[in-house]
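Trainee: There's a structure below that I have some questions on.
Laboratory data are not the source of any read-out in this text; all were calculated from the coordinates shown. What you see is a predicted model, and the numbers here were worked out from it, not measured in a lab. Quick reminder, even Gly has a Cβ in these numbers, built from the backbone with ideal geometry, and neighbours come from all protein chains shown.
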Amino acid sequence: MRIGIISDSDHFMPLAGALVSQQIQVYLFYSLSPDLFINQKVKAFSEQFHLPYTEEKDKDRDIYEWISRGKYDVCFMIGYSRLIQLDRIKNSSTQLFNIHFGPLPAYKGPIPVFWQLKNGEKSLGMVIHRLDSRFDEGAVIWAKDIPNMPHYNFRSVMIIFSQICIEGVFFILQMRLNNMPILNMDRKQIPSSYHSRPGLENVSVNWKKMTSSDVCNTIRACNPWNKGAITSLDMQVVKIMDAQMTNISSNAPAGSILESGDRLLVACSDGKAINISMLFFQEFFCPGWQAHLYGMQAKKIFI
């Protein structure tokens, strides 16, 4: 069986490794990431596992030639950001599926893990769906949900999903090997929604409006790619990388620093305090217990 993987990130690696370990021939089509380190990782991984590697040069042509020439049984997209025009490969017998880290038809869009975390969903979902002429619109054939744990952040969920998707891929391949139909799932009970890439207002803390839970959810959604959720103090930008909800109540204005020193407690709009354990400030990582040394002292107010 010839399996193609199309990606522009390193999230395909667990899947490719699992397939290769089962003596399945994997072919990689890779669109360069803006992150040079990720590109180096992908190149090294491909060499280590002897993956036939094709690097995208012409964004309008290469992907179609690669699919047509390869005669793959199945291709899986994981992280590829451009829409494939299916009419340009209509003569290919290759089945194409997209691995989407969101519970379609909810959380359509390019960064569903961010929004699931920011919205504080009780469970986090991902699917594999058939490729369609529109983004994230193809029929879902496999889905998985996991509990949303307090210690999860954006990167950790991406890693978990990149491992969980192996289960779905092997399900699809097993169905094909047994000549069984791959049925579409009925997802009509799930409301459809689209979420675009987050803007500044989505990665910033609005102390006057956001509850302690909202603040912590936003922090987790922004860690590590944005180095945390944005706030400011004394006209300086501060990013909060980690915080926990507490049982401590306060009538102080939202954003007020209640304690600094052994811990950094900040009041939120719901009258509850969060304990901030890590910040990114002036281009360095600052533990919460050191924050008072850099001006984040009791009675000051984050805005």
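Trainee: Which shape class, rounded, prolate or oblate, goes with region 169-233 when its Cα gyration tensor gives a ≥ b ≥ c as root eigenvalues, a/c under 1.5 marks rounded, and past that a/b bigger than b/c marks prolate?
Mentor: Details: a/c = 4.06, a/b = 2.64, b/c = 1.54.
Prolate, because a/c is 1.5 or more and a/b exceeds b/c.
Trainee: Summing +1 for each Lys or Arg and -1 for each Asp or Glu, what net charge is found among the other residues whose Cβ lies under 14 Å from the Cβ of LYS59? Intermediate results must be reported in sequence, preceding the final value.
Mentor: Values: positive: LYS57, ARG61, ARG82, ARG88; negative: ASP8, GLU55, GLU56, ASP58, ASP60, ASP62, GLU65.
After counting each charged neighbour, the total is -3.
Trainee: Moving on. Students often get this wrong, so check it: of LYS118/LYS144; LYS57/LYS144; LYS208/LYS299, which have C-alpha atoms separated by over 26 Å?
Mentor: Numbers: LYS118/LYS144 19 Å; LYS57/LYS144 34 Å; LYS208/LYS299 16 Å.
Flagged as over cut-off: LYS57/LYS144.
Trainee: Could I ask something else about it? Which net charge results for the neighbourhood of LYS208, defined as the other residues with beta-carbon distances under 14 angstrom from its beta-carbon, given Lys and Arg at +1 and Asp and Glu at -1? Before the final figure, lay out the partial values.
Mentor: Numbers: positive: LYS209; negative: GLU201, ASP214, ASP270.
With Lys, Arg at +1 and Asp, Glu at -1, the net is -2.
Trainee: Counting every Cα pair in region 2-177, what percent are over 24 Å apart? Walk me through the numbers before you get to the answer.
Mentor: On the way: 5268 of 15400 pairs.
Here the tail beyond 24 Å accounts for 34 percent of pairs.
Trainee: Sticking with this one: If we count every other residue with Cβ under 10 angstrom of ALA139's Cβ, Lys/Arg +1 and Asp/Glu -1, where does the sum land? Intermediate results must be reported in sequence, preceding the final value.
Mentor: Values: positive: ARG130, ARG187; negative: ASP132, GLU137, ASP186.
Residues near ALA139 contribute -1 overall.
Trainee: A follow-up question, please. Given N residues in the chain, what is its alpha carbon radius of gyration divided by 2.2 N^0.38 Å?
Mentor: Numbers: Rg = 22.3 Å, N = 303, 2.2 N^0.38 = 19.3 Å.
Cα-based Rg divided by the globular estimate yields 1.16.
Trainee: I've got another one for you. Between LYS299 and LEU200, what's the calculated FRET efficiency when r is the beta-carbon distance and R0 is 25 Å? Round to 0.05.
Mentor: Details: r = 28 Å, r/R0 = 1.10.
Step by step, r from the Cβ atoms, then E = 0.35.
Trainee: Same structure, new question: If you find the alpha carbon centre of region 154-179 and of region 72-114, how far apart are they in angstrom?
Mentor: One Cα centre to the other: 14 Å.
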